[in-house]
1. With the Cα gyration tensor of the stretch 51-146 giving a ≥ b ≥ c as the square roots of its eigenvalues, does the rule (a/c under 1.5 for rounded; else a/b larger than b/c for prolate; else oblate) give rounded, prolate or oblate?
2. Does the stretch 143-274 classify as rounded, prolate or oblate by the C-alpha gyration tensor (a ≥ b ≥ c root eigenvalues; a/c under 1.5 gives rounded; else a/b over b/c gives prolate, otherwise oblate)?
3. Using alpha carbons only, how many degrees (0 to 90, rounded to 10) separate the axis of helix 131-143 from the longest principal axis of the chain?
4. To test your reading of the geometry: what angle, between 0 and 90 degrees and rounded to tens, separates the Cα axis of helix 95-107 from the longest principal axis of the chain?
5. If you take the Cα Rg of the stretch 201-272 and divide it by 2.2 N^0.38 Å, with N the number of residues, what do you get?
6. In the stretch 50-274, what is the volume of the convex hull around the alpha carbon atoms, normalised per residue and reported in Å³?
7. With a/c under 1.5 counting as rounded, go ahead and sort the stretch 49-95 into rounded, prolate or oblate using the C-alpha gyration tensor (a ≥ b ≥ c being the square roots of the eigenvalues; past the cut-off, prolate if a/b is larger than b/c, else oblate).
8. If one takes the longest principal axis of the Cα atoms in the chain, at what angle in degrees, from 0 to 90 and to the nearest 10, does the Cα axis of helix 219-228 lie?
């Protein structure tokens with residue numbers, strides 16, 4: 001961003017401190033996802049740590065954001081053909097919308113929430129909100145009324161994954177409909193057979209609370225319950241501009257991730273949640 005004058009030269013010491021810490025991390029041979037840093041080594045990032053230095057939200061597109069060639073009837077039929085509901089949509093966005101989202105996610109310094117498995121997150125209240133994102137969410141509801149019905153957008157976020165770390169653990173979400181779509185180019189994915197999402201065909205028990213079905217600490221309980229329930233895994237491989245649309249009560253997890261090891265090639269997925277659990 002410095003070479004394109006997106007941020008000014010006052011941020012160069014911050015960049016150099018980040019590069020130093022990245023090299024320090026690469027020299028560490030431990031399998032851990034987090035590394036302890038001497039407080040003196042953190043001084044270089046203190047002035048910019050957890051600050052949004054650049055955030056240029058993409059605007060609405062007059063010509064629309066979704067691909068105009070989507071086969072609405074077929075997609076809605078595929079969604080309702082499975083019980084519980086799950087399908088995927090290829091070529092979700094038009095080229096202009098996809099390019100704008102990629103540029104925003106690569107340039108904006110909004111990735112402030114880190115997770116144990118080595119991925120980082122950006123949420124609506126932390127800078128991820130944009131007119132284009134809300135346009136996409138609205139156009140999905142309008143285009144696929146048999147899927148989204150009366151459900152409105154309730155939450156949205158994005159995750160950026162390390163090239164060879166574990167993604168999201170198995171969980172369900174507190175919503176009625178889940179849309180999970182990917183924007184990183186296919187060329188970044190080193191294994192086209194995976195890298196996407198695994199969805200299990202059993203809904204979280206109605207009596208389970210959010211902690212029961214969404215906490216990493218409850219993974220053994222979830223896995224045991226799925227085994228007892230005879231759940232089958234549906235593997236949906238990664239494809240750029242592919243969206244997985246499913247009943248948000250279904251347990252799901254990130255498939256094995258093997259992407260190129262550079263920043264631009266990081267796997268980026270965007271999640272849109274509609275409605276509330278138990279309000280189908």
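1. oblate
2. oblate
3. Around 10 degrees separate the two axes.
4. With rounding to tens, the tilt is 40 degrees.
5. 1.30
6. Spread over its residues, the Cα hull of the stretch 50-274 gives 122 Å³ apiece.
7. Oblate, because a/c is 1.5 or more while a/b does not exceed b/c.
8. Taking the Cα atoms of the chain, the angle to 219-228 is about 20 degrees.
Read the figures in this text as sums done on the coordinates, not as results from a lab. This one's a predicted model, so the numbers in the text were calculated from it and none came from an experiment. Glycine gets a Cβ as well: all are built from the backbone with ideal geometry, and neighbour counts include every protein chain shown.
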